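Okay, so here's the structure we're looking at.
FYI, it's all coordinate maths here, none of it is from the lab. Since the structure is predicted, the reported quantities are computational estimates derived from the model, not experimental observations. Here Cβ is always computed from backbone atoms with ideal geometry, including for glycine, and neighbour counts include all displayed protein chains.
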Ligand code: NAP
């Protein structure tokens, strides 16, 4: 039961953290739903992670998000970790249940929810091309694999990292690892292209991981980047008639899934999305 006079603490820990839009997004939703929580951002140096987690537990924080660079290091500090987070090897959400800390990963499921919401794509049986093999690629690729994608082609600048990710995914679906520069040779029958690299992210917004002329017209093109909301890759894909999906929806839904675990209430996703959409991208009618 909540004490109505004292807001419970929610948080995000990362390093750096100043750029995080999570406090704005969560506090807006909490305020609209009149829920007695306050969400704060804490810059936690990697050497202080264990102390910070103990401190949040001691303060009775209800839960927190974990972001770069702590998503892997936090695992051994928790009492239990969901199967999904253990498989992915990273936690982005912690729930404090009476002093016991439970770890989850909502990045992959947040991605899939937003992809389905915005494009309607059914990933079952789909051939998917994933650009990149870093931390974000792992959660997204795992979720696509266990959700029935028939083949995942991992294209990465560092081939060895693509191979490692493909090996990890092999128990769940058919996989291939290729150099990023060869991605164009693997477009045949691809239903979904997902950019999980940071190519095109602010401030290098003119960069793109794929030359425009090799983007297949029938595919859904998805980018995990949300700054800018519409990357050069998405602009070029849209011009070629592809259905596009930006990283903003993934960010909103990973947060929404965490919010629901902490509060037991499903949040107003549209309010969260509007809170973090930059002016000029809101598409509001006058
Ligand atoms: P990461 O672990 O550092 O991985 C970066 C990936 O990008 C690697 O595959 C890397 O290739 C590739 N890369 C970077 N610069 C490159 C370049 N110049 N040329 C070719 N490849 C390059 O980063 P991450 O945590 O996975 O994040 C990746 C992106 O996803 C970021 O833009 C992040 O903002 C976004 N993201 C979005 C959400 C969301 O909620 N929407 C969530 C998480 C992440 P190598 O292996 O060869 O280095």
**Between 0 and 90°, nearest 10: helix 247-263 axis offset from the chain longest Cα axis** = 30
**Request:** Have a look at 57, 113, 239 and tell me which one the Gaussian network model of the chain (Cα, springs below 10 Å) gives the largest fluctuation.
**Result:** 239
**Message:** Test of understanding: ordering 202, 226 by Cβ neighbours within 10 Å, fewest first, what list do you get?
**Reply:** 202, 226
**Item:** Cα gyration tensor shape for region 76-166, rounded if a/c is under 1.5, else prolate or oblate
**Value:** oblate
**Request:** Could you tell me what percent of the DSSP beta bridges with both partners in the chain are antiparallel, to the nearest 5?
**Result:** 20
**Fill in**
The helix 22-32 Cα axis meets the longest alpha-carbon principal axis of the chain at an angle in degrees, between 0 and 90 and rounded to 10, of 60
**Item:** the chain, helix-only ellipticity at 222 nm - DSSP H runs n ≥ 4, -39,500 (n - 2.57), divided by all residues, nearest 500
**Value:** -10000 deg cm²/dmol
**Asked** Based on the alpha-carbon gyration tensor of the chain and its eigenvalue square roots a ≥ b ≥ c, which shape applies: rounded if a/c is under 1.5, prolate if not and a/b is larger than b/c, or oblate?
**Response** prolate
**Prompt:** In degrees, nearest 10, range 0 to 90: what is the angle between the Cα axis of helix 107-119 and the longest Cα principal axis of the chain?
**Reply:** 60
**Fill in**
Heads up, region 1-107 by the C-alpha gyration tensor (a ≥ b ≥ c square roots of eigenvalues; a/c under 1.5 rounded, else a/b over b/c prolate, else oblate) looks prolate
**Item:** Candidates 218, 264, 125: whichever shows maximal mean-square fluctuation once the chain is modelled as a Gaussian network with Cα springs under 10 Å
**Value:** 264
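Please report the relative contact order for the chain, taking Cα pairs under 8 Å with a sequence separation of at least 6, and give it as a percent rounded to a whole number.
Reported relative contact order: 15 percent.
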**Prompt:** How big is the gap, in Å, between the Cα center of region 231-286 and the Cα center of region 124-163?
**Reply:** 22
**Complete:** Length-normalised contact order of region 23-129, Cα under 8 Å, at least 6 apart, in percent, tallies to 19
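For 64, 262, what ranking results if the residue with the fewest other Cβ atoms within 10 Å of its Cβ goes first?
So the ranking, lowest neighbour count to highest, is 262, 64.
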**Prompt:** With a 10 Å Cβ neighbour count serving as the proxy for reagent exposure, in which order, fewest first, do 161, 21, 71 appear?
**Reply:** 161, 21, 71
**Item:** Gaussian network model of the chain, springs between alpha carbon atoms under 10 Å - residue of 175, 158, 196 with greatest fluctuation
**Value:** 158
